[in-house]
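Below is one structure; the comments refer to it alone.
The values are calculated or read from the model by the stated rules, or taken from the named source; none is laboratory data. Because the structure is a prediction, the values reported are computed rather than measured. Cβ sites come from the backbone with ideal geometry, for glycine too, and all protein chains shown count toward neighbours. Note: areas computed on protein heavy atoms with side chains; ligands, DNA, RNA excluded. Shrake-Rupley method; radii C 1.70, N 1.55, O 1.52, S 1.80 Å.
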Amino acid sequence: MRVLFINGVFPVLSQTFVLDHIKGFLESESNVEVLARKKSGFQFEDSIPECDDNMLYIKPVNTKLFYRCIKGYIKRPLKSTRLVSLRLQKKIHAQTLIAYLQLQDEPDVMITHFGNNYAISTQLKRYALPNAVNVIIFHGHDVTSYIEKNGWNNYRKVEKYIDYALCVNNHFADLLKKNTNIKDVRCLYLGTNLPEIKRKSHRQKVPQLLFVGRLVEKKGLIYLILACKVLRSKGVSFKLHIIGDGPLRTRLQNEVIQAELTDYVVFYGAQQHNFILDMMSKCDIFVLPSVVAENKDSEGLPVVIMEAMNAGMLVISTYHSGIPELVQDGINGFLVREGDFVNLAKVIEKAFNLKVTTKEALTNQAKKDVEAQHSKLNQVQELITLVESGEKQ
């Protein structure tokens, strides 16, 4: 099976799930090509050739890209000429033409991560690859802030060229079913690697909180900082470790200073995955107070929550998007209303004071739920089975 993965910027530190899908298909002995609209400079710890020099990209434009396009044109002159003509007529995007010309082989399956990257695969399906199975995976902003800005019409225009729309939670699947006529919309949870993570005896005198995520509005870190301010005012001891970077970092650091929390909060910036897993083994409670951003951007179902639950951490999050599909309040973690930092502080303090047996019951149940619903091996295999069945139709 020949598989083409289509991405926006790739690779991205926070999008390990894309790499997991690529590796899964490679391990199934599929012939995999990886296309990015823009190639990033970031390298994963466990990188593979498709994430290095051998991947295809649309930007930056350079000699390597030029020679790939010439080679592809010579290899498939008829279709290439047709696509050039369509581009001159402005019926397809330049990115679609450049993507097709670079292909070593025409794919049997196209898998696009993030719905707003739909144009390349749907145009290829329509004009060059009618028999290819076209799968688009919707993650978060592509059915929230993107829709707030652009509406549903862009997806409706190309819905007949999408074979499967896969959503990372049932909430997003319901939105797509309600607002489009895509023939097959279903939820396919993201999976994650579930290594055995042993809790470390770190002998800290105070409870250790951990936040991991991009420093953007929808992650709700400002509300965690405000909750910490409430805890400090009550004389509660703690340490908050913040891993991640983003446009709000300076503002959030200033908020910590103004709240006189510099002795309580540590910013680490963006870190490699091994560092994050090590911190999960050392810290007590993972907090991700996600909210709907002003532009309506929302989470899907963050993989980092799955990793924290698998690591044996007690998880506190919010009633936001697909998060309640995994975290169940009082059963395998705790949930609070979005933006309610006062209650968030109360729940954190409650978590600090839980009996050992109660905490173990919550974290053990959390680990079981992640293993049942979000094993990377199971979820990747489900995706492979799906596209293989579509290929045979």
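For the condition touching a residue at least 12 places away in the same chain (Cβ under 8 Å) and over 15 Å from VAL327 (Cα atoms), what is the one hit in LEU362, LEU377?
Exactly one residue qualifies, and that residue is LEU377.
Just the residues that are open to solvent by 10 Å² or more (accessible area, probe 1.4 Å), touching a residue at least 12 places away in the same chain (Cβ under 8 Å), at negative phi and in a loop (DSSP other than H, G, I, E, B), please, taken from segment 329-359.
Scanning segment 329-359 gives ILE331, ARG337, GLU338, ASP340, LEU354.
Give just the number: which of (1) open to solvent by less than 70 Å² (accessible area, probe 1.4 Å); (2) among the aromatic types (Phe, Trp, Tyr); (3) modelled with pLDDT of 90 or more does PHE44 not satisfy?
Failed condition: (3).
How many of the residues making up segment 229-258 are over 18 Å from GLU217 (Cβ atoms) and open to solvent by less than 10 Å² (accessible area, probe 1.4 Å)?
Total satisfying the criteria: 3.
With the requirement that a residue be more than 33 Å from the chain's Cα centre (by Cα) and open to solvent by less than 20 Å² (accessible area, probe 1.4 Å), what does segment 68-124 give you?
Across segment 68-124, the qualifying residues are SER80, LEU86.
If you scan segment 73-90, which residues turn out to be closer than 22 Å to TYR118 by Cβ and in contact (Cβ under 8 Å) with a residue 24 or more places away in the chain?
LYS79, ARG82, LEU83, LEU86
Look through VAL266, VAL291, VAL236 and report the one residue that is among the aliphatic types (A, V, I, L, M), outside any helix (DSSP H, G or I), on the phi < 0 side of the Ramachandran plot and under 20 Å from the mean Cα position of the chain (by Cα).
On inspection, the qualifying residue turns out to be VAL291.
Do you know which of the residues in segment 137-173 that are in a helix (DSSP H, G or I) and of a type in the set (Ser, Thr, Tyr) is nearest to VAL387 (Cα to Cα)?
Taking the candidates together, the pick is TYR161.
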